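Visitor: Questions regarding the structure given below will be posed in turn.
Please treat every number below as a calculation from the coordinates, not as lab data. What you see is a predicted model; the values in this text were computed from it and never measured. Quick reminder, even Gly has a Cβ in these numbers, built from the backbone with ideal geometry, and neighbours come from all protein chains shown.
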Amino acid sequence: MRTLALALLLCLPPVAASAGGSDDPAAVDHSAELERLTHELDRLATKGAWKGVERTYAKLVALGVELPASAHRLGGDAARSRGDATVAQRRYLKAERLEPSSTNEALDQYRSSYGVLEVRRVEATCIQLTPAERPFDPTHAAAIDHASEALSDSGAFRGLVPAGTYHVGRYPVTVEPGMKPVVVQRQAGDGDCP
């Protein structure tokens, strides 16, 4: 009986190999966590809980595995909801690379109606970004608010804003659609925040 049991054990493949695992104890299978977080991402997006989507997307990225295009799209939607057009566009581009046939209206909007604004600082004083005309589109307004907040916090900004005419402190600028940046080189003493 012992001989039969030993013969059977020798014929069976190693457990790690049969489970699809690795001999490396540091190797981790993230498929279950990927599935759980992807479902959580969908659930939060359905509710419109964009801060939760952002946190969950960050957890998915931290797994270090390839994410599905839908996760990048929802991550883009979360960034878009808080006005970070630059990060949103980057995430939408990742989704497009994974599923080139999918049409993404938001990405098309960034390509056709946003441009790059770069404000370089000389000193760490805040400066205001004021559009000539406040947009009615809440997504455009959020992008302007995001850029304005960055300028108020650090005095510098590089990212996407809706095409249009602005004042960056005392400097009038016109941002055209596309990826060619409009650069504002600030001078010492340009701070204008209250």
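Visitor: Within the range 139-176, name every residue whose backbone N is under 13 Å away from a label modeled 7 Å from Cα of residue 130 along the Cβ vector.
Guide: Answer for the range 139-176: 166-173.
Visitor: Here's another thing I want to ask about it. Based solely on C-alpha atoms, express the radius of gyration and the Dmax of the range 115-183 in angstrom.
Guide: Considering the range 115-183 through its Cα atoms, Rg and Dmax are 10.9, 33 Å.
Visitor: Follow-up question, since we're still on this one. Extension gain residue 51-residue 180, at 0.36 nm per residue separation less the Cα-Cα distance, in nm?
Guide: The span from residue 51 to residue 180 would gain 43.4 nm if fully extended.
Visitor: Just to be sure I understand the model, the point goes 7 Å from the Cα along the line to the Cβ. What's the resulting residue 90 to residue 158 distance in nm?
Guide: Going by the 7 Å Cα→Cβ label model, 1.2 nm.
Visitor: Taking 26 Å as the cut-off for C-alpha to C-alpha distance, list the pairs among 59/94; 51/94; 59/180 that go past it.
Guide: Beyond 26 Å: 59/180.
Visitor: Measure off 7 Å from each Cα along the Cα-to-Cβ vector at residue 149 and residue 29, then give the distance between these two points in nanometres to one decimal.
Guide: Placing both labels 7 Å along Cα→Cβ, they lie 4.1 nm apart.
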